[in-house]
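Since the structure comes first, as structure tokens, the remarks are kept for the end.
The values are calculated or read from the model by the stated rules, or taken from the named source; none is laboratory data. As the structure is a prediction and not an experimental result, all values here were calculated from the model. Neighbour counts run over all protein chains shown; Cβ positions are idealised from the backbone, glycine included.
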Amino acid sequence: MSCTLAKGRLEVLQNYRLLQCVQDGDKLYIEKLISMGVRDLINLTESREGNGVLHLASVGNKPDMLEFLIAQGARPDMQDRRGRTPLMLAADLGYDRIVSLLAKNNADMKLVDKEGKVHKLSKLKTADGSGVCIIDFVCMISQETGRTALMEATRAGAIDLVRAILKKGGNVNALDKKQFHAAHFAAERGFFEIIMVLSAYAADFGVLTSEGDTLLHFAASGGYTDCCRFLAQRGCNPKLKNQEGLLPRQIAKDCGHKATVKELKKAERLHGKFSKGAGGTNEPWALTLHDWSHENENALRSAFESASDGYMGIEMVSRTTFVSVLQDLHTPLNDKQIHALLLALDKRREGFINISDFLKGLKYLPKTYVMASYGPKKKKATKAGKTKKTKFNAPMPICTVPPDFIHRRDDGGPPHFMIESYQHATDTHRYDRDHRPGHPIEDDTAWYIDEPEKIYINMNYCVKTGDIESLRLALSQKIPVDVKDRFYKTPLMAACASGNYEVAKFLLDNGADVNACDQFSWTPLHHACHAGQLDIIQLLLEAGASVDPPALNGATPLMRAIESCRPSCVEYLIKAGAKQNCLDVAHAYADFRVVDLIQTKINTLPRPKENKKPQPVRVHRKLTPASTPGSTKEKVEQLYSSSNSAVKKAMKKDSVIVHSTQITSGKLNKLDISFVPRTTWQNQLTTIELMDRKERRRQRFSFEVDFDDFKMPFNKNIQKKSVEFELTD
């Protein structure tokens, strides 16, 4: 066995480096390693599997690399630990070009691996006359089972190998010792394409095994509906019983394949009506011809194109040309059947045949028998005004704002929760976030760069991504800071739910309502506690948020903090004055730290005194002085005098004397010459600041925040508990 393993640390390291260069395609470094490395490095194999450089090139289907390595001195017959050569690996994977290159470089075709498999290289000529290298087993029939290579290829589902064997002349109707046909193996595993290929080579689908099973028995047991339909149309009797007295339909029914049972019932009903082919519409020769033309469609089209009459185009050929092409390609028809085919294709006796009609098969076969009937069905075009609307039933009603209440802007723009995205337009070849202009006049890119089109995005999406510039632009355009999206969420709620402290502080500084509610009566404090963010909770409470606002189901922010299993948030809310008893909720979420914290707080509360009557709550109202007629008269006089003075001021501003004075002084014709730069640089973060913000985000949410499967504390806790319940069950 030709296998030189790398020994010693230096050989092993250089060998692995060489294999990596082959994998990467680095030819320059390969030449350097071969010239300066250990002796005969290119023919060394790694110690685990024994793979060499040619093995990697063959498995990776790299013909250029393979030629380069052989030119550098690699032996094409190197074997791995299992005795496999690069030729064997390429043959198993079907890389015919690799096999051809190895054969040209005198690879040994008679080598055997450890399993004793013998291979030889043979040439197979395809329809276009080109030579294709294939691997063919010397022993075509197994002495133990009687199976042929075609049966084994069919059993493995290798459709390309099945085609190659049949084109070479393999016996399609050979039987093994148990009277199994190659189609039996295809029907058993549901290889529909292989069954169609076998039918194209005139396979007999009516054969029985030694136990009396037909092809339909095997296809019915697997529930392969298309296979059952095709086999029943191509000559397999659906009414034959096996030795157990079962029909294919009964087997499909026992296995629970309802669609297959329905198809087999239809086949039983139609059997006998078309079995003898009354009228010549579905005779066996017509079915075989259609399957054969479908399998050799490319070869037929190229042959008709080369032999076309020119003036009629390639879609129409004369009868003589049509018959000569069929005879040259060895069509499975005799003279009588060809004459019947011509009558079916040329009913008007015009002397020309349409190639598309011939390949479709609708001229000489029923519509349900052609190959096009097995493809995906096209949806019928419905007439205008008669479109059928299907109602989507959600598994759970989603509470969203009705479309009637979502109003567009006055200028026709999108709703207010869709804001304009801030886009910084500048010449990136001159300036960027790390190299800003020294003066606003220095950046003149706005004069020669087109302004970008406006892009509108959801305001809450900007909150989650931390796009403060877009939020600042929206607030400058008079967008309400507490605008709600389709799910009744304000930007402050989205910032609290996503744990974005900077955006939450920015919104609060711009007057966001700290006690706003969504459709479930959740406040921003509920969302912050649900996300388990202590600093945002402190920020909201300092801004005046209510500590115990009840939600729609009575849940308080303290309950949401307990659900997120964050003891620091629970402790802070208790110190802030949260009065709700949530010990049951803490027990439900089974965090012993939170349970101990709640229990300690309950134990420190004073017990109510017994037999003490509740005292009525006294409401102290601030007395307002009663209005007297004199005071009312004074107020009216004050209002009248103030309105009168305002009218006098307005008259003074609009008087002719004032205007003439402004004209003579030059105030009305004053020209504003102040410069306003077109490109305004906002507070754009530099690369270092962006990295710092990412680092702070990792410190807040842990390193898992950079992964796609990151979950907030509540969702992470729920997933953990569900996994524990599954393990206990």
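For (1) in a helix (DSSP H, G or I); (2) at pLDDT 90 or above; (3) surrounded by fewer than 18 Cβ atoms within 10 Å (Cβ to Cβ); (4) touching a helix residue (DSSP H, G or I) at 6+ places or on another chain (Cβ under 8 Å), each residue gets a yes or a no:
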position: G146; (1), (2), (3), (4): no, no, yes, no
position: V162; (1), (2), (3), (4): yes, yes, no, yes
position: K178; (1), (2), (3), (4): no, no, yes, no
position: F185; (1), (2), (3), (4): yes, yes, no, yes
position: I195; (1), (2), (3), (4): yes, yes, no, yes
position: A202; (1), (2), (3), (4): no, no, yes, yes
position: H217; (1), (2), (3), (4): yes, yes, no, yes
position: S221; (1), (2), (3), (4): yes, yes, no, yes
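Evaluated against (1) farther than 22 Å from R697 by Cβ; (2) at pLDDT 90 or above; (3) among the β-branched types (V, I, T), T428 falls short on exactly one condition, (2). For segment 490-513, residues that are surrounded by fewer than 20 Cβ atoms within 10 Å (Cβ to Cβ) and part of a loop (DSSP other than H, G, I, E, B) total 3. Meeting the requirement of 2 or more residues that are closer than 25 Å to L161 by Cα and among the hydrophobic types (A, V, I, L, M, F, W, C), the helices (runs of 4 or more DSSP H) wholly within segment 1-117 are 53-59, 86-93, 96-104. Look at (1) at pLDDT 70 or above; (2) of a type in the set (D, E, K, R); (3) over 27 Å from R433 (Cα atoms); (4) over 30 Å from the mean Cα position of the chain (by Cα) and you find that E689 fails only one, number (3). Scanning segment 698-726 for residues that are without any contact (Cβ under 8 Å) to a residue 24 or more places away in the chain, assigned to a helix (DSSP H, G or I) and farther than 14 Å from A531 by Cα yields a total of 12.
Against the test of being touching a strand residue (DSSP E or B) at 6+ places or on another chain (Cβ under 8 Å) and either in a loop (DSSP other than H, G, I, E, B) or closer than 23 Å to Y572 by Cβ (or both), the options I537, I457, I479, I449 yield a single qualifying residue, I479.
If you take the residues in segment 345-367 that are free of Cβ contacts under 8 Å to residues at least 24 places away in the same chain and part of a helix (DSSP H, G or I), which one is surrounded by the fewest Cβ atoms within 10 Å (Cβ to Cβ)? Filtering first and then ranking leaves K367.
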